[in-house]
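Following: one structure in structure tokens, then a few remarks.
Nothing in this text is a laboratory measurement; each read-out follows from the coordinates by a stated rule. Keep in mind that what you see is a predicted model, and the values were worked out from it rather than measured. All Cβ positions, even for glycine, are placed from backbone atoms using ideal geometry, and neighbour counts span all protein chains on display.
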Amino acid sequence: HYRKINTSVTSCYREDLYIKWDNLYELMNEQIEDNDLGLIFNEALSNRIALNMIDLGLNVTYSNKNTRDNCYELKKILKNSKVSKAVKNIDLQYFPIHWKIFFYFIKRNRIFPVYMMLIIMNKLRGII
């Protein structure tokens with residue numbers, strides 16, 4: 001049996017989430033370099049960083065801040081060199097159209113449409 005509750009880690013704002021993920025990315029990168037794991041592992045990490053923008057963005061929507069402050073927080077995350085490089089290099093060829101649109105806006109630094117898409121995703125999560 002499965003019981004859904006509204007207090008899960010993925011449905012509340014965690015102020016330190018981005019810092020924790022950034023530290024994890026750094027540890028993963030060190031392992032890739034230390035063990036000479038090569039291009040495929042670097043690509044996998046880069047894809048993980050880019051795709052994690054969805055979770056990090058949803059986390060921002062859970063805050064009690066206003067829209068302007070939330071957009072500023074998203075912009076700050078996207079300015080991180082690891083994140084911007086990963087988003088720039090992600091291959092969207094096999095993604096559904098809504099993810100292509102989401103990453104299109106991110107790649108063009110259109111923060112407000114990204115934020116609105118995240119708000120919609122957040123609302124749909126409660127319905128589905």
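Tabulated data for the structure shown
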item: Helix 39-61 vs. the chain, principal-axis angle (Cα, 0 to 90°, nearest 10); result: 20
item: Gain upon complete extension [residue 26, residue 64; 0.36 nm per residue less C-alpha separation]; result: 10.8 nm
item: Relative exposure of 67, 61, judged by other C-beta atoms within 10 Å (fewest first); result: 67, 61
item: Residues 63, 84, 46 arranged by fewest to most Cβ contacts within 10 Å; result: 63, 84, 46
item: Label corresponding to log10 I(q)/I(0) by the Debye sum over Cα atoms at q = 0.10, 0.11, 0.14, 0.19 Å⁻¹ when calculated from the structure given, among (i) -0.41, -0.49, -0.75, -1.12; (ii) -0.35, -0.42, -0.67, -1.13; (iii) -0.28, -0.35, -0.56, -1.08; result: (ii)
item: Inter-label distance for residue 79 and residue 16, nm, one decimal - labels placed 7 Å from Cα along Cα-to-Cβ; result: 2.3
item: Burial ordering of 18, 13, fewest other beta-carbon atoms within 10 Å first; result: 13, 18
item: Virtual spin-label span in nm between residue 97 and residue 120, 7 Å along Cα→Cβ; result: 1.1
item: Local electrostatic count at residue 88 - Lys and Arg +1, Asp and Glu -1, tallied over other residues with Cβ under 12 Å; result: +3
item: Helix-only CD estimate at 222 nm, as mean residue ellipticity for the chain, using -39500 (n - 2.57) per DSSP H run (n ≥ 4); result: -23500 deg cm²/dmol
